[in-house]
Amino acid sequence: MCYEIEVVIVDLMSAPPAPGTPAAETTPASRTLAGTAPARRPALDWRLRFAALSLIWGFSFLLIKVGTDGYAPFQVTLGRLLSGTAVLAVAMAVKRERLPRTARTWGHLAVAAFLLNALPFSLFAYAELTIPSTLAGICNATSPLWGMALSLVALSEDRPTRRRVAGLGLGFLGVLTVLGAWQGFSGLAFSGTAMALLASLSYPIGWIYVRRTLAGSGSSALALTGSQLFLGTVQLALVTPLFTSAPDAFPLWPTLAVVALGALGTGLAVLLQYGLVTEVGPTTAQMVTYFIPVIATAAGVAVLGEQLSWNTPVGALVVLAGAALTQSRARTGGPAGPPNAVAGTRRRERRPSLIRS
């Protein structure tokens, strides 16, 4: 569920420097030192961490559903952000990360927190009051489609290709299949589905905003992410009392679900992805996108006993195929070179890299 943080990590971590080191500050001496010093191997193989990340984000929709059984949607979102912020605060303290220093950066982070945390998290929580977690997970998979459509308008360096445009059309055909358009959308909770789709649309809007405003901030990805989550928590803390009253009780399972949703899905998952992007690059790390709706659907059916009609998994596969096409790049001729082979340039991802549910 953290597609919000991914773009910060990809934009800042895709270059070779070590985590937290801006690319512009890399010196020949540091490159020599990096080439001679032995690399620190993570305790767990990246494939295991990739699988854990897929499971955590895939089960997030189930946790939202369980959380809303005992708490109001805004309360679920507030608890989620509070738990996630606590995890990242500990990580930042251990790594001695510095918070952003300029008011301009904090202002942009406040907007990013709204678009990438407060708004989509709340919309998904409200959506799951009326739609199953399986449908919410599939709606989340449309984020790359929205991102493709928006990037063609908002990002001048993104040029449409036939393959990507075909992927966009195929993806939205999959959405119509999931929703049962030929049946007149009968039996569909329109408001809940619309909120889930709006949440998925909010992510790429936030990605584009972050890319335009925070890519050169000079702060590390972890510092930006932690600060962003903190601001999202403040936003929810101000809004929640206006729309809900304090809970009368703290039921066990909904409480555990909300804490796990934040600590794992919005805290630990970010750290896992942070390491994956650094170790194997954003292209491989983004493949987690295609496992999230599959796991969300399996969890909803197996654990919550949600009903599944044939068009839901079929449409989901079409959506994923379309999303894969929109993320693809045309092959270029010429000899292959190392990343960032051109001196003085930074490699940039020209598409949203990962889905946050």
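Computed from the coordinates by the stated procedures, all read-outs in this text should not be read as laboratory data. From a predicted model like this one, the values you see are computed outputs, not experimental measurements. Ideal geometry is used to build each Cβ from the backbone, glycine not excepted, and the neighbour counts take in all protein chains shown.
Rounded if a/c is under 1.5, else prolate if a/b beats b/c, else oblate: with a ≥ b ≥ c from the C-alpha gyration tensor eigenvalues square-rooted, which is the range 76-214? Mind showing how you got there, number by number?
Details: a/c = 2.78, a/b = 1.40, b/c = 1.98.
Oblate.
Could you give me the ³J(HN,Hα) list for the range 236-246, computed from phi with Karplus coefficients 6.51, -1.76, 1.60 and θ = phi - 60°, whole Hz, x at Gly and Pro?
5, 5, 7, 7, 3, x, 6, 10, 9, 9, 4
When a/c reaches 1.5 or more, the comparison of a/b and b/c decides; with that in mind, is the range 43-113 rounded, prolate or oblate per its Cα gyration tensor? Walk me through the intermediate numbers first.
Values: a/c = 2.29, a/b = 1.17, b/c = 1.96.
Here the range 43-113 falls in the oblate category.
Please compute the net charge surrounding Ala260, taking Lys and Arg as +1 and Asp and Glu as -1 over other residues with Cβ under 13 Å from its Cβ. Intermediate values should be presented prior to the final figure.
On the way: positive: Lys65, Arg80; negative: none.
Summing Lys and Arg as +1 and Asp and Glu as -1 gives +2.
Order of Leu179, Leu214 from fewest to most other C-beta atoms within 10 Å? Don't skip to the end; give the middle numbers.
Values: Leu179 20, Leu214 23.
Taking fewest neighbouring Cβ atoms as first place, the list is Leu179, Leu214.
Fewest to most neighbouring Cβ within 10 Å: what's the order for Thr102, Thr225?
Working: Thr102 11, Thr225 33.
The most exposed by this proxy come first: Thr102, Thr225.
Tell me, in nm to one decimal, what length is gained between Gln183 and Leu44 on full extension, where the rule is 0.36 nm per residue of separation less the Cα-Cα distance? Before the final figure, lay out each step's value.
On the way: separation 139, 0.36 × 139 = 50.04 nm, distance 4.77 nm.
Separation in residues times 0.36 nm, less the Cα-Cα distance, equals 45.3 nm.
Report the Stokes-Einstein translational diffusion coefficient (µm² s⁻¹, integer) for the range 189-229, Rh taken as the Kirkwood radius over Cα pairs, at 25 °C with viscosity 0.890 mPa s. If you can, show how the numbers build up before the last one.
Working: Rh = 11.9 Å.
Estimated diffusion coefficient is 206 µm²/s.
What is the packing order of peptides 294-300, 262-268, 240-246, taking the mean over residues of other C-beta atoms within 10 Å and listing the highest first?
Numbers: 294-300: 21.9, 262-268: 24.9, 240-246: 11.4.
So the peptides 294-300, 262-268, 240-246, ranked by packing, come out 262-268, 294-300, 240-246.
By its C-alpha gyration tensor, with a ≥ b ≥ c as the square roots of the eigenvalues, how is the range 181-256 shaped: rounded for a/c under 1.5, else prolate for a/b larger than b/c, else oblate? Please report the intermediate quantities before stating the final value.
On the way: a/c = 2.67, a/b = 1.21, b/c = 2.19.
Judged from the Cα gyration tensor, the range 181-256 comes out oblate (a/c at least 1.5, b/c at or above a/b).
Mind ranking 45-52, 89-96, 133-140 by how tightly packed they are, going by the mean number of other C-beta atoms within 10 angstrom, highest first? Each step should come with its number before you reach the end.
Details: 45-52: 14.8, 89-96: 12.9, 133-140: 29.0.
Averaged packing, sorted descending, gives the order 133-140, 45-52, 89-96.
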